[in-house]
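Below you'll find the structure, written out as structure tokens, and then a few comments.
The values are calculated or read from the model by the stated rules, or taken from the named source; none is laboratory data. Everything quoted here is computed from the prediction, not taken from an experiment. Cβ placement follows ideal geometry from the backbone for every residue including glycine, while neighbour counts extend to all protein chains displayed. Ligands, DNA and RNA are excluded from the accessible area calculation, which covers all protein heavy atoms including side chains. Shrake-Rupley method; radii C 1.70, N 1.55, O 1.52, S 1.80 Å.
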Amino acid sequence: MPVDFHQAYLFEVLNNKESNMSSWKKASKTNQKTHRERHQPEARAHLGLLEKKKDYKKRSNDYHRKQKILKILRKKALNKNPDEFYFHMINSKMLASGHKEKIKPDTHTPEQLKIMETKDLKYVNYKRTIEHKKIDKMQSTLHLLDSANQVRNNHTFFVESTDEVKNFNLAARLDTHPSLLNRKTNRIRNSDLQNLNLPDVSSEALQEKKKVYNELEKRLNREKELSIIQQKLEIKKFLKDKTAKKPKQIKPGTKDAPPVYKWEYKRKK
């Protein structure tokens with residue numbers, strides 16, 4: 001088989017070149033000097049650490065990123081309609097802690113706002129429990145008999161003819177005194193009234209009874225107010241949870257009811 005001397009010569013030259021290159025790389029790595037960045041001179045040590053190139057690049061990239069954002073915001077401000085208006089412009093404000101929503105005047109009463117700003121949830125729950133126990137105790141003694149007399153009566157009487165309708169006497173039909181017709185409880189018959197010795201009810205007893213009912217009404221209103229405050233504080237506590245996803249507001253809060261939120265359903269293990 002004939003030998004191509006020209007091809008063999010080129011192959012030998014390439015092998016020698018590759019071996020020389022590999023040996024040169026090894027020699028350059030062994031003799032290469034490691035260059036380290038200089039530190040801050042002692043005369044300028046009070047200025048802190050000397051900024052390196054990698055630190056400068058981070059600062060430079062951050063600066064240019066902010067300049068691009070400002071450029072976009074200036075462009076949006078120039079193209080904005082001057083007559084454009086959103087209610088959120090007047091319903092929010094900037095504070096030292098950040099952007100906050102303004103509290104609407106119809107959301108809380110002055111008493112609710114005062115308690116929510118000065119007291120915590122445990123205190124409100126404690127006071128509501130006390131009011132609830134006192135209300136139960138008063139209701140068990142009073143029985144609320146007078147409230148039954150304020151309910152409208154729908155009792156129906158049946159008669160035989162139209163003449164009986166014209167001459168119908170409710171007191172005679174119920175066999176009681178006309179002054180007792182409005183009572184739903186303890187409506188005594190005439191036969192029992194004749195044999196009954198009623199005690200003399202003084203005006204002081206009536207005033208005392210009225211006073212107790214007024215106190216009960218105030219305590220009921222107080223317990224209702226504390227219940228609303230408790231629910232508002234509980235929702236406020238749940239909204240502060242950073243780990244949970246922000247819920248969706250279904251209904252805003254009012255003076256008589258807390259706001260309604262819907263949280264994302266999360267299955268527990």
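Go through (1) at pLDDT 80 or above; (2) surrounded by 10 or more Cβ atoms within 10 Å (Cβ to Cβ); (3) assigned to a helix (DSSP H, G or I) and name the single condition Ala27 misses.
Failing condition for Ala27: (1).
Residues to consider are Lys262, Lys237, Lys255, Lys266; find the one that is open to solvent by 100 Å² or more (accessible area, probe 1.4 Å), more than 13 Å from the chain's Cα centre (by Cα) and of a type in the set (D, E, K, R).
Details: Lys262 fails: more than 13 Å from the chain's Cα centre (by Cα); Lys237 fails: more than 13 Å from the chain's Cα centre (by Cα); Lys255 fails: open to solvent by 100 Å² or more (accessible area, probe 1.4 Å).
Exactly one residue qualifies, and that residue is Lys266.
Of Glu101, Glu160, which residue is touching a strand residue (DSSP E or B) at 6+ places or on another chain (Cβ under 7 Å) and either modelled with pLDDT of 80 or more or under 16 Å from Lys232 (Cβ atoms) (or both)? Outline the logic, then answer.
On the way: Glu160 fails: touching a strand residue (DSSP E or B) at 6+ places or on another chain (Cβ under 7 Å).
Going through Glu101, Glu160 in turn, the sole match is Glu101.
Could you please let me know if Ile235 is modelled with pLDDT of 85 or more and touching a strand residue (DSSP E or B) at 6+ places or on another chain (Cβ under 7 Å)? Full working, then the answer.
Details: modelled with pLDDT of 85 or more: yes; touching a strand residue (DSSP E or B) at 6+ places or on another chain (Cβ under 7 Å): yes.
Yes: the conditions hold for Ile235.
From the list Ile69, Ile115, Ile130, exactly one residue is assigned to a helix (DSSP H, G or I), in contact with a Phe, Trp or Tyr (Cβ under 9 Å, 6 or more places away or on another chain) and open to solvent by less than 100 Å² (accessible area, probe 1.4 Å). Which is it?
Working: Ile69 fails: in contact with a Phe, Trp or Tyr (Cβ under 9 Å, 6 or more places away or on another chain); Ile130 fails: in contact with a Phe, Trp or Tyr (Cβ under 9 Å, 6 or more places away or on another chain).
Checking each option against the conditions leaves just Ile115.
Can you tell me which condition Thr109 does not meet? The list is (1) surrounded by 10 or more Cβ atoms within 10 Å (Cβ to Cβ); (2) without any contact (Cβ under 8 Å) to a residue 24 or more places away in the chain, and all the others hold.
(2)
Determine whether His88 is at pLDDT below 95 and either closer than 30 Å to His39 by Cβ or exposed (fewer than 10 other Cβ atoms within 10 Å of the Cβ) (or both). So that I can check it myself, show each step before the final result.
Details: at pLDDT below 95: yes; either closer than 30 Å to His39 by Cβ or exposed (fewer than 10 other Cβ atoms within 10 Å of the Cβ) (or both): yes.
Judged against the criteria, His88 is a match.
Could you please let me know if Asn61 is farther than 16 Å from Ser227 by Cα, without any contact (Cβ under 8 Å) to a residue 60 or more places away in the chain and not in a helix (DSSP H, G or I)? Walk me through how you get there before you give the answer.
Numbers: farther than 16 Å from Ser227 by Cα: yes; without any contact (Cβ under 8 Å) to a residue 60 or more places away in the chain: yes; not in a helix (DSSP H, G or I): no.
Here the answer is no, as Asn61 does not meet what is asked.
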